[in-house]
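The values are calculated or read from the model by the stated rules, or taken from the named source; none is laboratory data. Keep in mind that this is a model prediction, so the values were computed, not measured. Reconstructed Cβ throughout: ideal geometry from the backbone, glycine too, with neighbour counts over all protein chains shown. Calculation scope for accessible area: heavy atoms of the full protein, side chains included, ligands and nucleic acids excluded. Shrake-Rupley method; radii C 1.70, N 1.55, O 1.52, S 1.80 Å.
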Amino acid sequence: MNKSMSLLAVSIFLVGGLNSVNADPEADRLAMSDFYEKRFPAIELSAHKDGVYALDEAKREQWLEIEDFPPYEIAVDEGEALFSISFANGKSYGSCFENKGIGVKQNFPYFDIEKAEVITLELAINQCRETNGESALGYGSEEMGSLSAYMAFTSRGNTFAIQVPEDGMQAYEKGKQFFYERRGQLDFACSSCHLGLSGNMLRGEVLSASIGHATHWPTYRFKWEAISSLHKRFAGCNGQVGAEGLPQQSESYRNLEYFLTYMSNGMELNGPASRK
Amino acid sequence: MARRVGSKAMNKRIKSLISICMITLLAACGDSGNQVKSAERGQAPQENTAPKSSVAEIIAEAEKVYAAAKEREHAWTITRKHIKKAREALSAGHTEAALESAERALSTAQASLIQAKRESVAWKERVLKTSS
C-alpha cells in the first residue's frame, strides 16, 4: 500500500468512525434493540410486539380481556371467504403468492429489484388483482382490511427476516430518514416520541417502542371502529404533530414500513391485533 | 410499570427534548403572533382595510410555499386551514380577517419549508448508534 492509499484508508476510517450514520441495516437494528434493552431492562425485546401493552400492566390486563373476544375476528372470517373466491379468469389470490398465500406475511415488505420499489402486502394484493384483470381495491377499503387481516392471521407465529439487497438500500435509508425527521408544527420526529419518550405518558397514552411496531397489522382500532393498516397509523401519528399525512401506500410510507419492519426482524408476527 | 423507566440520564434527555420542542413552538407561535399584531395595529381602523388584491397575493404566495413544503412531504395542517379561512373571508368581503389568515398561512408555510430543508440534513444526528 503506498502512502496516499493508506492516508485515504485512515481518513475513511476516521470519517466513518466519528461521523457514522450506520449504512448497515443490521447495525441500525442492533443499535435500536440495544437502546430499548437499556431503557426497559425488565422487558424482553420480544414483548414489544404487544406495543403499549408490554409497558403498562393495567392496560395489558384490559386488553387481554378484549382479546378473549377479538374485535377483528369477523374481518378474518370475511377475509378468508374473499381470499378463496375466483376472479373472472378462474384464478384466485393464492395463485399470486408463495405457498398459495398462506403464512407469507413475514416476507413483506420486500424490495423488488426489477420494479425498483418496496412491495408491501397490500400492494401485492392489488398487483395480484390487476394481473388477473380485476380492479384495484382502495387501501382504506373494508375488503383490503379483511384480506390483509386473514393473510396476517395465517402468518401468526412466523418471524420477520426482512432482507435489504444492495439495490434496496436507498429505499431503506429513505424510510430511516422519514423516521428520524422532525415534522409538523410541533416539530416532532417518530423517534422523538417512540424512542426518546417511549414509556412516558402523552395525553393519557403510554408511548410504545418502535421495535415491534410492524408485527401486528392490520389492527382493529376502537377509535376507527374498523380494521386498518399500518399506513393509516402513520398518517394518524403525522397528524398528531400537525404534519400532513401521506396517502396509504405512497412511496414514502412504504419505505418507512420497510425500515420499521426491518427493525422488527427476528420478532414474531401477531396480527391482526386490537388497539385503543 | 410505565413510570418506572425514568433514570436520571433519561429524565435529562427528556427534559432537553421537551425544552427544544418548547423553543421551537414558541418561536413558531411568536412568529405568527407578531405578524398578526402588526396587521392589527398597523393603521387606524378606517384605513385598516387591506386592498383585496394584496390579500389575494399573500394567499397566492402562501399557497406556493405550502405546495413546495408539501412536495417535500413536510406540509403542516395548520397552513391549509389558514389558507381556507383566508379564502373564505376574502370572498365574504372580510378583508381584514382575510389578511390575518393569509399572513398566518404564509408564515406557517415558510416555517414548514425551513423545517423541510433543515431536516433533510439534521435527521442524521439522531440516528441511534451502537454503543460499543
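Annotations for the structure displayed:
- Accessible area per residue was computed with a 1.4 Å probe on protein heavy atoms; A:S46 scores about 60 Å².
- Close amide-amide hydrogen proximity is noted between A:A226 and A:R221, each under 5 Å apart and 5 or more residues distant or on a separate chain (H modeled in the peptide plane; Pro and chain starts excluded).
- Portion, in percent, of the accessible area of region A:73-153 that falls on carbon or sulfur, probe 1.4 Å: 49 percent
- Chain B and chain A together bury an accessible surface of about 3500 square angstrom, both sides counted, with a 1.4 Å probe and no ligands or nucleic acids included.
- Gaussian network model of chain A, springs between alpha carbon atoms under 10 Å - residue of A:K49, A:K105, A:K38 with greatest fluctuation: A:K38
- Take the convex hull of the alpha carbons in chain A; its mean projected area over all directions comes to 17.2 nm².
- Stretching A:R156 away from A:N99 to a fully extended chain increases their span by 19.0 nm, per 0.36 nm per residue minus the current alpha-carbon distance.
- Other residues lying with their Cβ under 14 Å from the Cβ of A:A136 contribute a combined charge of -3, Lys and Arg counting +1, Asp and Glu -1.
- Projected label points at A:Q127 and B:K52, each 7 Å from Cα along the beta carbon direction, are separated by 5.4 nanometres.
- Rounded to 10°, Cα long-axis angle of helix A:121-131 versus longest principal axis of chain A: 60 degrees
- Taking all pairs of distinct alpha-carbon atoms in region A:73-153, Kirkwood radius in angstrom: 12.8 Å
- For A:F160, the amide hydrogen comes within under 5 Å of the amide hydrogens of A:G266, A:M267, A:L269, counting only partners 5 or more places away or on other chains and with H modelled in the peptide plane.
- Between region A:59-107 and region A:132-162, the alpha-carbon center distance in angstrom: 7 Å
- Cysteines (scope chain A) whose Cβ has no counterpart Cys Cβ under 4.7 Å: A:C190, A:C193, A:C237
- In order along region A:229-235, phi translates into HN-Hα couplings of 8, 4, 5, 5, 5, 3, 5 Hz, rounded to whole numbers, per the Karplus curve 6.51 cos²θ - 1.76 cosθ + 1.60 with θ = phi - 60° and x for Gly and Pro.
- Backbone geometry of region A:256-271 corresponds, through the Karplus equation with coefficients 6.51, -1.76 and 1.60 at θ = phi - 60°, to 3J(HN,Hα) couplings of 4, 5, 4, 4, 4, 5, 4, 4, 9, 3, x, 8, 7, 7, 9, x Hz, x marking Gly and Pro.
- Fraction of accessible area attributable to carbon and sulfur, region B:50-126 (%, probe 1.4 Å): 55 percent
- Local electrostatic count, A:S148, Cβ distance below 9 Å [Lys/Arg +1, Asp/Glu -1]: 0
- Computed over all pairs of different Cα atoms, the Kirkwood value for the hydrodynamic radius of region B:50-126 is 12.5 Å.
- Computed from Cα atoms alone, the Kirkwood hydrodynamic radius reported for region A:142-276 is 15.4 Å.
- Approximating the spin labels as points 7 Å out from Cα along Cα→Cβ, the A:D68-to-B:S120 distance works out to 5.5 nm.
- Förster radius 25 Å - calculated FRET efficiency between A:E166 and A:S250 (Cβ-Cβ, nearest 0.05): 0.55
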